[in-house]
1. To test your reading of the geometry: what angle, between 0 and 90 degrees and rounded to tens, separates the Cα axis of helix 120-132 from the longest principal axis of the chain?
2. Under a point-charge model restricted to the Cβ atoms of Lys and Arg (+1) and Asp and Glu (-1), what is the dipole moment magnitude of segment 5-244 relative to its Cα centre, in debye to the nearest 20?
3. Expressed as a whole percentage, what fraction of the accessible surface of the chain belongs to carbon and sulfur atoms when a 1.4 Å probe is rolled over the protein heavy atoms?
4. Taking H placed 1.01 Å from N in the peptide plane, check which residues at least 5 places from residue 69 or on another chain put their amide H under 5 Å from its amide H.
5. Out of all DSSP beta bridges in the chain, what portion is antiparallel? Express it as a percent rounded to 5.
6. Hey, in the GNM for the chain with a 10 angstrom Cα cutoff, which one of 85, 132, 46 fluctuates hardest?
7. Can you work out ³J(HN,Hα) from phi for every residue in segment 171-188, in order, using Karplus 6.51 cos²θ - 1.76 cosθ + 1.60 and θ = phi - 60°, giving whole Hz and x for Gly and Pro?
8. Taking amide H positions as placed 1.01 Å from N in the peptide plane, with prolines and chain starts having none, which residues 5 or more places from residue 107, or on another chain, fall under 5 Å of its amide H?
Amino acid sequence: MTDFLKIGKKYFNSRLMLGTGKYPNLVSNLASIEKSETEIITVAVRRINNETLNSQFQVLNKINWEKIWLLPNTAGSQTAEEAIRAAFLGRELASKLGQEENNFVKLEVISDPKYLLPDPIGTLKAAEFLVRKGFTVLPYINADPILAKHLEDIGCATLMPLGSPIGSGQGIQNLESIKIIIENAKIPVIVDAGIGKPSDASQAMELGASAILLNTAVAKAKKPEKMAKAMKLAIQAGRLSYLAGSMSSNKYAQASSPIKLKIN
């Protein structure tokens with residue numbers, strides 16, 4: 001393949017990133033990762049403790065880390081300082097899994113426990129610090145074009161605007177703002193949060209998004225493995241549609257065979 005996704009200095013074939021939470025069991029989680037053909041999975045570092053290590057995070061010991069890249073995330077951090085500490089723990093975890101060169105971090109700073117919307121000031125503060133410390137920062141943000149520009153200017157590797165509130169399955173509710181972010185960005189734009197159906201993922205890719213990160217839409221599906229494959233195909237279709245260039249819409253009908261034949 002020549003249509004690679006480039007994040008920092010890393011290249012990926014897949015444009016689907018997958019979370020590891022909320023699955024009914026370990027078997028379903030691992031099967032979904034396999035069917036999605038993802039090359040990046042994300043793990044909430046702050047939520048790995050003695051209790052979770054014995055349940056869903058057993059997935060860490062089952063994955064071939066030579067084929068899949070770990071994206072530690074700072075979910076659960078309410079302040080910039082908490083997110084920074086989680087980022088360093090994530091880098092240590094990646095190193096223990098054999099990825100010594102992995103400096104990736106999905107930066108989440110969420111101070112509001114009710115609506116779970118990212119804190120723009122805390123995110124910018126943490127991003128500035130982590131970029132200076134050599135992290136490849138993938139910040140999770142509201143679909144705010146101005147904030148996105150500031151984060152790009154300080155050296156973030158991607159922008160990750162939410163499509164709609166996390167875990168809601170509402171699809172792309174911030175369409176126009178995401179369009180502006182994509183138009184202005186010189187780094188990958190990854191739509192994160194709110195994807196509920198394959199059609200949502202395809203729509204985001206047709207806009208020109210570089211990739212999709214999702215979790216709940218697969219984990220909470222009746223058959224997660226099938227949904228993982230559906231998401232993979234939808235993202236591929238949306239990407240091909242974007243590269244092909246969709247036809248422009250017309251107000252009136254246009255005949256498929258407009259040429260008039262002359263009969264003598």
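1. 70
2. Roughly 600 debye for segment 5-244.
3. The computed percentage sits at 52.
4. Those lying under 5 Å, H to H, from residue 69 are 40, 41.
5. 10
6. Answer for the Gaussian network model of the chain: 132.
7. Using θ = phi - 60°, the values come out as x, 8, 9, 10, 4, 5, 5, 5, 4, 5, 4, 4, 5, 8, 7, 10, 10, x Hz.
8. 138, 140
The values are calculated or read from the model by the stated rules, or taken from the named source; none is laboratory data. These figures come from a predicted structure and were not determined experimentally. Because the Cβ atoms are built from the backbone with ideal geometry, glycine has one as well, and the counts that use them run over all protein chains shown. Keep in mind that these areas ignore ligands, DNA and RNA; they rest on the heavy atoms of the full protein, side chains included. Shrake-Rupley method; radii C 1.70, N 1.55, O 1.52, S 1.80 Å.
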